[in-house]
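These notes are about the structure you will find just below.
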Amino acid sequence: MIVIQSQYDDPTTDDVLDWLYYLDPSIKVQRLNGTQEISSLEYLLNSECEEFNILTNDSTINHNNFSSYWYRRGLLSLNSSIYKSVYAKLGLDGLLQIRIELDHLIECLNDTFNEKYNGINRASDNETNKIQNLKIAKNCGLKIPETLICTCFSSLQNFLQKYPFVISKPIRSGYLKTKDILIHTSTKQISIDTLKELKEKIKGNSFLPSLFQQYIEKKFELRIFFFEKTFYPMAIFSQQNEKTKIDFRNYDDSRPNRCVPFKLPLSIEEKLNSFVTHINMRSGSIDIIYSINNEYVFLEINPIGQFQWLDKGCNYYIDKKIASYLINNTVS
């Protein structure tokens with residue numbers, strides 16, 4: 001049985017499932033959505049074997065019926081009644097401790113799924129370190145933007161004197177969620193003028209550790225999906241649109257960016273291959289800028305980003321390739 005860990009509303013998973021059932025109508029697939037809860041779990045590890053048995057609200061997964069695995073996104077969670085019981089007895093601190101312990105268990109199981117069943121990606125890939133990745137990319141011969149992480153305005157001001165425009169982005173990609181609001185983090189441009197505005201808003205000389213990079217003017221940017229050391233690049237002509245100039249994710253639905261298939265130079269492919277080998281990742285999306293100086297500049301990697309639009313826009317049939325891999329690399 002092929003096991004796919006995903007979320008109930010992920011369209012990319014739907015596309016891969018369509019191909020799985022088309023290529024092999026008799027295939028058995030279990031899709032584990034993030035909404036499913038673990039009702040019973042047993043994990044046995046000794047010198048001779050490693051065994052597991054997981055019951056959710058609508059499925060049973062164990063080492064005997066497992067054959068291939070794809071971690072797409074999302075996580076299983078314990079039954080909500082357990083969390084409520086812990087919160088009632090131990091409060092928020094106790095609940096957070098239980099969540100930390102569960103995360104360690106899920107990470108261990110995910111690694112087992114990945115290693116034993118020719119898996120594609122792991123839940124721990126979500127925690128890939130943006131700063132560490134920049135260091136690895138540099139060591140693999142890729143050009144990276146000069147990056148500053150600081151906590152005081154004087155350091156940022158010195159950086160702005162060196163680069164009249166810089167961009168700010170989250171150290172860890174994602175979003176900020178509170179009880180009342182949901183803020184998606186994105187890349188913002190900062191200049192000397194906006195620095196003055198920031199000082200007035202923050203009311204002090206320091207702030208939380210924040211990441212800044214030199215702003216690199218680009219001819220276009222590249223979103224490159226890779227799978228099993230094969231790269232599927234798309235060129236995104238975002239530079240001529242003020243809305244998407246800094247971050248193409250600020251989509252302009254009325255005037256969409258032109259996106260076309262792209263052929264990477266062999267030298268860049270070799271460096272990227274070295275990079276993904278070092279970070280031990282089988283698939284993900286890489287962001288690169290092609291600058292006005294005709295240089296390829298590595299920005300970051302997203303292990304679980306959407307690639308459906310890239311796939312369909314460039315006719316790469318990535319969803320079919322993933323489905324074929326899961327069928328052809330099953331472990332009996």
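The values are calculated or read from the model by the stated rules, or taken from the named source; none is laboratory data. Quick caveat: nothing in here was measured; it's all calculated off a predicted structure. So basically every Cβ, Gly included, is an ideal-geometry build from the backbone, and we count neighbours across all protein chains shown. To get the accessible areas, we keep the full protein, side chains included, count just its heavy atoms, and leave off ligands, DNA and RNA. Shrake-Rupley method; radii C 1.70, N 1.55, O 1.52, S 1.80 Å.
If you scan segment 111-125, which residues turn out to be touching a residue at least 12 places away in the same chain (Cβ under 8 Å), open to solvent by 30 Å² or more (accessible area, probe 1.4 Å) and part of a helix (DSSP H, G or I)?
The first filter runs over segment 111-125 and keeps only residues touching a residue at least 12 places away in the same chain (Cβ under 8 Å), leaving 111-114, 116-125.
Next cut, open to solvent by 30 Å² or more (accessible area, probe 1.4 Å) only: 111, 116, 118, 122, 124.
Within segment 111-125, Asp111, Lys116, Ser124 meet the criteria.
What residue, of Tyr43, Tyr69, is out of contact with any Lys or Arg (no Cβ under 8 Å at 6 or more places or on another chain) and within 24 Å of Ile318 (Cβ to Cβ)?
Unique residue meeting the criteria: Tyr69.
Are any residues in segment 66-109 part of a loop (DSSP other than H, G, I, E, B) and surrounded by 15 or more Cβ atoms within 10 Å (Cβ to Cβ), and if so, which ones?
Phe66, Ser67, Arg72, Arg73, Gly74, Leu75, Leu76
Step by step: first the residues of segment 11-51, then only those that are open to solvent by less than 40 Å² (accessible area, probe 1.4 Å) and polar (S, T, N, Q), then the one that is nearest to Thr112 (Cα to Cα). Which residue is that?
Filtering segment 11-51 for residues that are open to solvent by less than 40 Å² (accessible area, probe 1.4 Å) and polar (S, T, N, Q), the one nearest to Thr112 (Cα to Cα) comes out as Gln30.
Being among the small types (Gly, Ala, Ser), out of contact with any Leu (no Cβ under 8 Å at 6 or more places or on another chain) and modelled with pLDDT of 80 or more is true for just one of Ser81, Ser47, Ser68. Which residue is that?
Within the list Ser81, Ser47, Ser68, the selection yields Ser47.
Quick one: is Tyr8 part of a strand (DSSP E or B) and open to solvent by 60 Å² or more (accessible area, probe 1.4 Å)?
No, not satisfied.
Any idea which of Ile304, Ile292, Ile246, Ile322 is surrounded by fewer than 16 Cβ atoms within 10 Å (Cβ to Cβ) and either within 25 Å of Thr128 (Cβ to Cβ) or at pLDDT 90 or above (or both)? Lay out the reasoning, then the answer.
Working: Ile304 fails: surrounded by fewer than 16 Cβ atoms within 10 Å (Cβ to Cβ); Ile246 fails: surrounded by fewer than 16 Cβ atoms within 10 Å (Cβ to Cβ); Ile322 fails: surrounded by fewer than 16 Cβ atoms within 10 Å (Cβ to Cβ).
Result of the check over Ile304, Ile292, Ile246, Ile322: Ile292.
Hey, could you check segment 129-164 for residues that are open to solvent by 40 Å² or more (accessible area, probe 1.4 Å) and among the β-branched types (Val, Ile, Thr) and say which is farthest from Leu272 (Cα to Cα)?
The extreme case among them is Thr151.
I need a count of the residues in segment 1-45 that are farther than 14 Å from Ile322 by Cβ, of a type in the set (Ser, Thr, Tyr) and without any contact (Cβ under 8 Å) to a residue 60 or more places away in the chain.
Of the residues in that region, 5 qualify.
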